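Some notes on the structure that comes next.
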Amino acid sequence: MLKGDIVEILSVSMDKEEVRKLNEVQKRLGFKSRSKLLRSAITSLVNDYKGMDALSGHVESVFVLTYSEREKNHVSDIIHRFESTIRTELHQHHHSGMCVDIINLDTDAHTTQAFYNSTKRSKCIYSVAYALVQEKK
């Protein structure tokens, strides 16, 4: 944001626990305000989406998903919709009650984008990270 830019104010509803976590992240990362932290998070999300949206051709990618073990059936339903494109899947239970899935997709860009959108949209999945292994146009 440049000095003199017109700023639009957005209102965000969060419960007390979400605000507590946001404040903790703000403090740990050294952001001077929650607004700056949220702008940074939104920029990161937009850049992630732009990278995914720009894909074309055949894509091999790796996704890492984290979620609560009690949500494993919901997440499994999402993953099974893409079963034919999954080359490798690794599932790990963590002692804290969290699950981590590492999924290697080998498919066209459109299906990779659909997988990304489905996982990012899910309220059951805490985090989604991806890396491209190879893109063949």
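Return only the number of the condition from (1) within 17 Å of residue 114 (Cβ to Cβ); (2) in contact with a Phe, Trp or Tyr (Cβ under 9 Å, 6 or more places away or on another chain) that residue 68 does not satisfy.
Only one criterion is unmet by residue 68, namely (1).
Per-residue answers, yes or no, for (1) surrounded by 15 or more Cβ atoms within 10 Å (Cβ to Cβ); (2) more than 18 Å from the chain's Cα centre (by Cα):
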| site | (1), (2) |
| --- | --- |
| 19 | no, yes |
| 27 | no, yes |
| 32 | no, yes |
| 37 | yes, no |
| 42 | no, no |
| 48 | yes, no |
| 54 | no, no |
| 62 | yes, no |
| 65 | yes, no |
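Those residues that are charged (D, E, K, R) and either in contact (Cβ under 8 Å) with a residue 24 or more places away in the chain or loosely packed, with under 10 Cβ neighbours inside 10 Å (or both), I need them from region 88-103; list them, please.
Correct list: 101 only.
So which of 83, 24, 60, 18 is of a type in the set (Asp, Glu) and closer than 19 Å to residue 134 by Cβ?
That would be 60, the only listed residue that is of a type in the set (Asp, Glu) and closer than 19 Å to residue 134 by Cβ.
Only one residue in 73, 117 is out of contact with any strand residue (DSSP E or B) (no Cβ under 8 Å at 6 or more places or on another chain) and closer than 30 Å to residue 26 by Cα, so which one is that?
117
Each value in this text was obtained by applying a stated rule to the coordinates, not by laboratory testing. Keep in mind the model is a prediction, meaning the values are calculated, not measured. A quick note on method: Cβ atoms are made from the backbone with ideal geometry, for glycine too, and the neighbour counts reach across all protein chains shown.
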